[in-house]
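This report concerns only the one structure given below.
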Amino acid sequence: MKVGTNNQSVNLQTSKVREQQEDAMKKLVTGLRINSAQDDAAGLQIANRLFAQSSGTQVAIRNANDAYSLASVADSALAGVNDAADRIGDLSLRAANASLSAADRDAIQQEINQLQGQVSDIQTNTTFAGQSLFAGSSNSEFQVGANANTTVGLSLPDLTDQLGELQIIDVTTQDGAQAAVETSRSVGEYVNSVRGQVGAFQNRVESSINTLNNSYEQNEVARSRIQDTDFAQTSADKAQADILSNIGVSLQAQANVSRGQALSLLN
């Protein structure tokens, strides 16, 4: 007479439940639904492609932000030059007044000299990442997308000739002052035209940044939906596996007790 339980079936069920517990715990700990190709081979491939796209987009966003920063530096410098040109124009107009004495014009020239120095400093010292922006022409290209041709470029002219005209302004004579009025106005208009180009570039870059941010967010949402753990569902799955495990242990213990009691009676 054979007394016992179907231990093989119980052990198989217990092993299966243990695997479910371990799988759920791994997903909860890592935060990933797919931890290896075994979990979901197709899903892992898609998630990896989306991750690569997101990584590339992040690089493009950094590049675009660099482009915007360069344009901001250039615009700030041009604004300084424009302010100086406007002030020189105002002073020149004042110096053109026939009622002023030579001493008066000399005093005005002293202020203009300081403004000329400021303009020279701006031209010489305006740099971005070690690159001079106005001491010679500059052309900066930025990769702002995954494709090789997705670039934006900003070309800044050599301002040496235009700003050089400001440097030779001399209002110590009425004729010089009258000529300086036109010179400062002309330089100011040119600088403003360059600022317009820089502003248009900034608008384009800002639009690119917004597009890239939207693309990154969409990729991350899609990747997360495929790869990341659904904590509510996985927690419920683990709780169910824990209950089944406890039931299995209890049944195994009861079966062992019953088997022992039966053997005792037979003996």
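Per the Debye formula on identical point scatterers at the alpha carbon atoms of the range 42-226, with no solvent, log10 I(q)/I(0) at q = 0.10 Å⁻¹ is -0.54.
Work out how much length ASP66 to ALA42 would gain on full extension: take 0.36 nm times their residue separation and subtract the Cα-Cα distance, in nm to one decimal. Intermediate results must be reported in sequence, preceding the final value.
Numbers: separation 24, 0.36 × 24 = 8.64 nm, distance 3.67 nm.
Computed gain between ASP66 and ALA42 is 5.0 nm.
Using 0.36 nm per residue and subtracting the Cα-Cα separation, the extra length available between SER137 and ASN113 on full extension is 6.1 nm. Peptide packing for 179-189, 31-41 was compared via the average number of neighbouring C-beta atoms within 10 Å per residue; ordered from the highest value, the list is 179-189, 31-41.
Which part of the range 28-62 falls in the paramagnetic zone of GLU220, meaning amide N under 20 Å from the point 7 Å along Cα-to-beta-carbon? What the label zone holds, given the 20 Å backbone N cut-off, is 30-34, 46-62.
The gain in end-to-end length when the ASP75 to GLU189 segment is fully stretched comes to 39.6 nm, 0.36 nm per residue minus the alpha carbon separation.
A short reminder: the numbers here are calculations on the coordinates, not readings from a lab. Because the structure is a prediction, the values reported are computed rather than measured. No Cβ is skipped: glycine too gets one built from the backbone with ideal geometry, and neighbour counts run over all protein chains shown.
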